[in-house]
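J.: Below are the structure tokens for one structure; questions will follow.
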């Protein structure tokens, strides 16, 4: 599958065969779903908590004597059966983290990249212009590379000037390709990779080095 290649100024330069960098297309929907839901699970803070009867303030005195009142036996007004009492089996702080093997993460990332390529929202730029100093310049490049004006831009090296130029764009994220995962790919409206970033990603997913 061929994807569009642009110059550092955003001008069309031809096409790149994605198969040369990611290998044969092999969609693994089940693995992709498992990996994405695991990333979302790992992002949960796990800080929800409710108070048990032992944590609710009050209730130390027995409401009434055990026998002779005609009422059911009761030992505390903070019993879970009472209004304003404790909670039975409520959430407690916990970790939702689940580890994933590298082979699954790589397979899911590869499948997500092929999905973006089929959608036509994956493009490659030769290199980010090192002369970026203003957000206006960054916005002009994004407008040429993305139809929606929203993009996840991946590079192998990010300079302080480039990071500053893109930081004021709410709908654009500039990130190192080493941090890329399947969830980031699926969330992005448009995916832009520099050629060095594509080669680095290819080595990560296939083990093949490109000159």
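The values are calculated or read from the model by the stated rules, or taken from the named source; none is laboratory data. As the structure is a computational prediction, the values presented were derived from the model and not from experiment. Note that we place each Cβ from the backbone using ideal geometry, even for glycine, and neighbour counts take in every protein chain shown.
J.: Given the options 146, 190, 178, name the one that is at negative phi, surrounded by fewer than 16 Cβ atoms within 10 Å (Cβ to Cβ) and within 22 Å of the chain's Cα centre (by Cα). Walk me through it before giving the result.
T.: Values: 146 fails: surrounded by fewer than 16 Cβ atoms within 10 Å (Cβ to Cβ); 190 fails: surrounded by fewer than 16 Cβ atoms within 10 Å (Cβ to Cβ).
178 is the lone residue from the list that is at negative phi, surrounded by fewer than 16 Cβ atoms within 10 Å (Cβ to Cβ) and within 22 Å of the chain's Cα centre (by Cα).
J.: Could you please find all residues in segment 4-37 being in a loop (DSSP other than H, G, I, E, B) and closer than 23 Å to residue 207 by Cα? It would help to see each step written out before you state the result.
T.: Residues of segment 4-37 in a loop (DSSP other than H, G, I, E, B): 7-11, 18, 23-28.
Result: 18, 23, 24, 25, 26, 27, 28.
J.: Return the total of residues in segment 97-149 being assigned to a helix (DSSP H, G or I) and farther than 27 Å from residue 28 by Cβ.
T.: Total satisfying the criteria: 11.
J.: I've got another one for you. Specify which of the listed residues (117, 108, 160) is under 21 Å from residue 197 (Cα atoms) and touching a helix residue (DSSP H, G or I) at 6+ places or on another chain (Cβ under 8 Å). I'd like the intermediate steps shown before the answer.
T.: Numbers: 117 fails: touching a helix residue (DSSP H, G or I) at 6+ places or on another chain (Cβ under 8 Å); 160 fails: touching a helix residue (DSSP H, G or I) at 6+ places or on another chain (Cβ under 8 Å).
Result: 108 is the single residue among 117, 108, 160 that is under 21 Å from residue 197 (Cα atoms) and touching a helix residue (DSSP H, G or I) at 6+ places or on another chain (Cβ under 8 Å).
J.: Looking only at segment 158-182, filter to residues that are in a loop (DSSP other than H, G, I, E, B) and touching a strand residue (DSSP E or B) at 6+ places or on another chain (Cβ under 8 Å); which one of those is modelled with the highest pLDDT? It would help to see each step written out before you state the result.
T.: First, the residues of segment 158-182 that are in a loop (DSSP other than H, G, I, E, B): 158-159, 168-171, 180-181.
Narrowing the set further to residues that are touching a strand residue (DSSP E or B) at 6+ places or on another chain (Cβ under 8 Å) leaves 158, 171, 180.
Values: 158: 85, 171: 87, 180: 91.
Top of the filtered list is 180.
J.: Which residues, taken from segment 16-46, are touching a strand residue (DSSP E or B) at 6+ places or on another chain (Cβ under 7 Å) and surrounded by 13 or more Cβ atoms within 10 Å (Cβ to Cβ)? Explain how you work it out, then say what you get.
T.: First, the residues of segment 16-46 that are touching a strand residue (DSSP E or B) at 6+ places or on another chain (Cβ under 7 Å): 16-18.
Of everything in segment 16-46, those that are touching a strand residue (DSSP E or B) at 6+ places or on another chain (Cβ under 7 Å) and surrounded by 13 or more Cβ atoms within 10 Å (Cβ to Cβ) turn out to be 16, 18.
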